[in-house]
Number of protein chains: 2
Amino acid sequence: MGRPRTFDDDVVLSRAMEAFWTNGYGGTSPAQLAEATGIAKGSLYNAFASKRELFTKCLELYHRQVAELAKGLLEHPGTTRECIGAALRFVVDSDLAQPLRRGCLVGNTAVELAGHDADIAQKIRGMQDESTGWFEARIQRGQRDGDVSRDLDPRAYAEYLANTLAGLRVMAMTHEAPVLYRIIETTLSTF
Amino acid sequence: MGRPRTFDDDVVLSRAMEAFWTNGYGGTSPAQLAEATGIAKGSLYNAFASKRELFTKCLELYHRQVAELAKGLLEHPGTTRECIGAALRFVVDSDLAQPLRRGCLVGNTAVELAGHDADIAQKIRGMQDESTGWFEARIQRGQRDGDVSRDLDPRAYAEYLANTLAGLRVMAMTHEAPVLYRIIETTLSTF
DNA sequence: ACCTTTCTTGAACTACTGGTCTAAAACGTG
DNA sequence: CACGTTTTAGACCAGTAGTTCAAGAAAGGT
């Protein structure tokens, strides 16, 4: 029944995500999206209704990818401090390894759109809360394992780490590795 | 000699800054700038050459205003910890008091433009370094006053605080006061 | 009073925006 | 192998982007 898609939705989504990540929502035109994905504007709108909806899907894809990575990193063997340090350093390394500094799509979107768009703001908030949750879970495990003090409030400390991470990704837009590593060291020295 | 300006450059700059702060560089059109400043597009281009140059001037104005405020706050009476806490809380309170969440113009610009524009990136970097300098100076004073340990590396800790601040202003786009205050508390509890 | 200079303004300009539509082509199905 | 459905590439649209410009207006110098 009907002609099938000639493109893989996930591949298109992934390429569109790269474009949005590089240029922001407002900075990415339908023409650029067509160019980046390799399919025509018409097909893009047929498949994803609007630029807004395509962006939302890209944002969700980004978050899913981050989630997978983050969980992997935090479940690695090692102490809580080692794990969290490795995770933060990994993010910084990834940011710096790219030819263009792009920051974090979630953070960038918070800055670009959250103030004007309650819907997006809520989605972003949800993603940030989830990230905080990963840190929280790792800290709680640390308390069970005995390498994190029971006096530490896991939620508060997870929020603190999420904030540090948000900061790092802004700082990575303009700073080099030594400064960023030093910030991570100082952060880790606090527990 | 020649017809004099009918407008005050500083007033126009300040209004343009508000517009850029609210909508970002790319999100602010010449028409909006004309509307916001109250002078015609032509006059704007006559006085400021281009949107880019106008923006640069706005960015510098913003930084100068922040500098004045920051210095005032950090020179207040009280311990280092009290001073820095008050400064961070002040920023959060200001962010949340506004009708629209706008974050920090310097941070927002880092995210929006630093990756694509080396010139802007350098300017932003300079402003961030200056902010770090204020923290550093306050910590050094604290070490002289005796309320901060001599073991603490003032530069590293200042970078750490600048990073926390950068994070807070992104987090303030989507989070409410209690979370932000808790992050500040956790940060302050580390020295 | 004129000339020069600098300012102001609104219109004009080109290129491109986000988004829609259409005609043709491509398929799975019966 | 024709059917109806769906995809596709590109034309198309009104609107806006950032910028320039011609024409007039307000001042000082002569």
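The values are calculated or read from the model by the stated rules, or taken from the named source; none is laboratory data. Bear in mind that the values here come from a model prediction, so they are computed numbers and not experimental data. Because the Cβ atoms are built from the backbone with ideal geometry, glycine has one as well, and the counts that use them run over all protein chains shown. When the accessible area is computed, the model is the full protein with side chains, heavy atoms only, and any ligands, DNA or RNA have been set aside. Shrake-Rupley method; radii C 1.70, N 1.55, O 1.52, S 1.80 Å.
Look at B:G42 and say whether it is within 9 Å of DNA strand C (Cβ to nearest atom), at pLDDT below 95, more than 14 Å from every other protein chain (Cβ to nearest Cβ) and assigned to a helix (DSSP H, G or I). Spell out the reasoning first.
On the way: within 9 Å of DNA strand C (Cβ to nearest atom): yes; at pLDDT below 95: yes; more than 14 Å from every other protein chain (Cβ to nearest Cβ): yes; assigned to a helix (DSSP H, G or I): yes.
In short, yes.
Restrict the check to region B:96-104 and report whether at least one residue is touching a Phe, Trp or Tyr at 6+ places or on another chain (Cβ under 6 Å) and either surrounded by 16 or more Cβ atoms within 10 Å (Cβ to Cβ) or farther than 22 Å from B:T22 by Cα (or both). Even if it seems obvious, please write down each step before you answer.
Quick first cut of region B:96-104, residues touching a Phe, Trp or Tyr at 6+ places or on another chain (Cβ under 6 Å) only: B:102.
After this cut, where a residue has to be either surrounded by 16 or more Cβ atoms within 10 Å (Cβ to Cβ) or farther than 22 Å from B:T22 by Cα (or both) as well, the list is B:102.
Yes: region B:96-104 contains one or more residues that are touching a Phe, Trp or Tyr at 6+ places or on another chain (Cβ under 6 Å) and either surrounded by 16 or more Cβ atoms within 10 Å (Cβ to Cβ) or farther than 22 Å from B:T22 by Cα (or both).
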Could you figure out which of (1) farther than 22 Å from A:A166 by Cα; (2) within 14 Å of chain B (Cβ to nearest Cβ); (3) away from DNA strand D (no atom under 15 Å from the Cβ); (4) not small (G, A, S) isn't true of A:L88? (1)
Close pairs from region A:1-25: first in contact (Cβ under 8 Å) with a residue 12 or more places away in the chain and under 12 Å from A:A47 (Cβ atoms), partner assigned to a helix (DSSP H, G or I) and open to solvent by 60 Å² or more (accessible area, probe 1.4 Å), Cβ under 6 Å, at least 6 apart: A:L13/A:K57
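Filter region B:97-115 down to the residues that are more than 7 Å from every other protein chain (Cβ to nearest Cβ) and free of Cβ contacts under 8 Å to residues at least 60 places away in the same chain and list them by number.
Initially, region B:97-115 is screened for residues more than 7 Å from every other protein chain (Cβ to nearest Cβ), giving B:97-99, B:104-106, B:109, B:113.
B:A97, B:Q98, B:P99, B:V106, listed by residue number.
Do you know which of the residues in region B:132-184 that are among the hydroxyl-bearing types (S, T, Y), touching a residue at least 60 places away in the same chain (Cβ under 8 Å) and farther than 17 Å from A:T174 by Cβ is farthest from the other protein chains (Cβ to nearest Cβ)? Before the answer, list the steps.
Initially, region B:132-184 is screened for residues among the hydroxyl-bearing types (S, T, Y), giving B:132, B:149, B:157, B:160, B:164, B:174, B:181.
Within this subset, residues satisfying the condition of being touching a residue at least 60 places away in the same chain (Cβ under 8 Å) are B:164, B:174, B:181.
Now restrict to residues that are farther than 17 Å from A:T174 by Cβ: B:174, B:181.
Details: B:T174: 4, B:Y181: 10 Å.
The qualifying residue farthest from the other protein chains (Cβ to nearest Cβ) is B:Y181.
Out of the residues in region A:1-26 meeting the condition of being near DNA strand C (Cβ under 8 Å from one of its atoms) and either hydroxyl-bearing (S, T, Y) or open to solvent by less than 60 Å² (accessible area, probe 1.4 Å) (or both), tell me which one is modelled with the highest pLDDT.
In the first step, residues of region A:1-26 are kept if they are near DNA strand C (Cβ under 8 Å from one of its atoms); the result is A:1-4, A:6, A:26.
Those still in the list that are either hydroxyl-bearing (S, T, Y) or open to solvent by less than 60 Å² (accessible area, probe 1.4 Å) (or both) too: A:6, A:26.
On the way: A:T6: 80, A:G26: 93.
Applying the filter and picking the extreme gives A:G26.
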Sole residue being away from chain A (no Cβ under 14 Å), modelled with pLDDT of 95 or more, more than 8 Å from DNA strand C (Cβ to nearest atom) and in contact with a Pro (Cβ under 9 Å, 6 or more places away or on another chain), chosen from B:K51, B:K57: B:K51
Selection from region B:47-79 of residues that are open to solvent by less than 30 Å² (accessible area, probe 1.4 Å) and more than 18 Å from the chain's Cα centre (by Cα): B:A47, B:F48
